[in-house]
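What follows is a single structure, written as structure tokens, with notes after it.
The values are calculated or read from the model by the stated rules, or taken from the named source; none is laboratory data. Predicted model, so just to flag it, every value in this text is computed and none were measured. Note: ideal-geometry Cβ built from the backbone for every residue, glycine included; neighbour counts use all protein chains shown.
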Amino acid sequence: MKILVIGGAGYVGSHTVRKLIACGHDVVVYDNLSRGHAQCVPTGCLVVGELNDRAHLQQVMQQHGIEAVMHFAAFALVGESVAHPAMYYQNNVVAALELLEAMRASGVWRIVFSSTTATYGQPEKIPIAESTVQLPINPYGFTKLVFEHALTDYAAAYGFGTAALRYFNAAGASPEGGIGEDHDPESHLIPIVLQVALGQRAKVGVFGKDYPTPDGTCIRDYIHVDDLADAHLRALGQLEPSMNLQLNLGTGKGHSVLEVIEACREVTGHEIPAVYEARRPGDPAELVADSSLAQHVLGWKPHYVSIKSIVETAWKWHQSHPRGYATNNSSATKT
Ligand code: UDP
């Protein structure tokens, strides 16, 4: 199939692009490179463009005979969304609607969308099933929820075949090497902890110690990025006109911040100093997936089930690319 991957130069997008190509699909990556990296896009696949540029998107879809879209191009940081909601609504909602209109004008009806556990807010019942009421507690979650609703309505009215994949915490890197997680500035837990192990940071701050969890720190369900990529391919293969899927993707196992740091100590053999800091605004205490629906509908199962196995792949990436995609990888001096 000819697939347009919006945001294919980002973390989950780039891993999915690799898998799509390995499975014989024809891929065009569309990315503005504001947060993505041209280095992780296979040669000849990249079109640089803006998500809010409907005419350009339409031209690309028509020129390449695009049959399906995967949409990864969203801002995805909880804390940033609290500080800059306008940016989040503009990109994740307003610009993303231009994508849907470009699809409609081009007769492209299949779309797989990166949604998120943040659409649930802080549900009372853990693990979280798709039937759980969606009450986001930060602007990031709201923007993703609005787009999920747009997909539902486009499926009903215009016959779009849609899948919103609600990721829990994407982590790890492809063991084949060469691609991994690289945000600037980095804000995610596992890369930060591994940067401490590499000597690039002195310590990791633990955001909050008084959450209602056994050790007082937030619990998350970390899911390997290649397992997410696999689910995208399976979802794409299932799409039919007017279909409207929402599926959770996680391992079903929760790990506290302290447990993640401990797993990183075991994998790396480094001490990794940690200090308690204030809670980060917008963080729910506990998010763990019930992914049984995805397993049933997609025939999908996470390959990486232990946090250590996920951290091992991330550690391999960070060791071989201490400066991420930056060209000079010989020194480990990023602070
Ligand atoms: N976290 C932390 N210190 C950090 C970064 C993250 O304690 O330097 C915590 C954060 O508060 C959350 C968990 O680690 O409870 C995972 O955060 P991350 O930013 O990796 O992903 P998110 O859950 O926001 O998608």
Condition set outside any loop (DSSP other than H, G, I, E, B) and surrounded by fewer than 24 Cβ atoms within 10 Å (Cβ to Cβ), scope segment 171-192, selection farthest from the ligand (Cβ to nearest atom): answer is P191
Need a quick list: helices (runs of 4 or more DSSP H) entirely within segment 225-335 having at least 2 residues that are in contact with a helix residue (DSSP H, G or I) (Cβ under 6 Å, 6 or more places away or on another chain).
225-238, 257-268, 307-320
(1) of a type in the set (A, V, I, L, M, F, W, C); (2) within 28 Å of T327 (Cβ to Cβ); (3) in contact with a Gly (Cβ under 8 Å, 6 or more places away or on another chain); (4) within 16 Å of the ligand (Cβ to nearest atom) all hold for L77 apart from (3)
With the first residue restricted to segment 144-164 and required to be under 18 Å from P241 (Cβ atoms), and the second required to be assigned to a helix (DSSP H, G or I) and among the small types (G, A, S), Cβ contacts under 6 Å at 6 or more apart or on different chains are T162/A155; A163/A235
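From the set of residues in segment 54-65 that are in contact with a helix residue (DSSP H, G or I) (Cβ under 7 Å, 6 or more places away or on another chain) and buried (at least 17 other Cβ atoms within 10 Å of the Cβ), which is farthest from A102 (Cα to Cα)?
So the residue we want is M61.
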Hey, V225 in contact with a strand residue (DSSP E or B) (Cβ under 6 Å, 6 or more places away or on another chain), at pLDDT 95 or above and buried (at least 24 other Cβ atoms within 10 Å of the Cβ) or not
yes
Taking the options L239, L233, L293, name whichever one is under 18 Å from the mean Cα position of the chain (by Cα) and either surrounded by fewer than 21 Cβ atoms within 10 Å (Cβ to Cβ) or more than 13 Å from the ligand (Cβ to nearest atom) (or both).
L233
By residue number, the members of segment 230-253 that are among the hydrophobic types (A, V, I, L, M, F, W, C) and either out of contact with any Gly (no Cβ under 9 Å at 6 or more places or on another chain) or at positive phi (or both) are A231, L233, A235, L236, L247, L249
Only one residue in P85, P139, P123 is in contact with a Pro (Cβ under 8 Å, 6 or more places away or on another chain) and surrounded by fewer than 23 Cβ atoms within 10 Å (Cβ to Cβ), so which one is that?
P85
Go through segment 37-121 and tell me which strands (runs of 3 or more DSSP E), entirely inside it, have 2 or more residues that are of a type in the set (D, E) and out of contact with any His (no Cβ under 6 Å at 6 or more places or on another chain).
none
Boolean, Y222 is in contact with a Ser or Thr (Cβ under 8 Å, 6 or more places away or on another chain), within 13 Å of the ligand (Cβ to nearest atom) and under 29 Å from H296 (Cα atoms)
yes
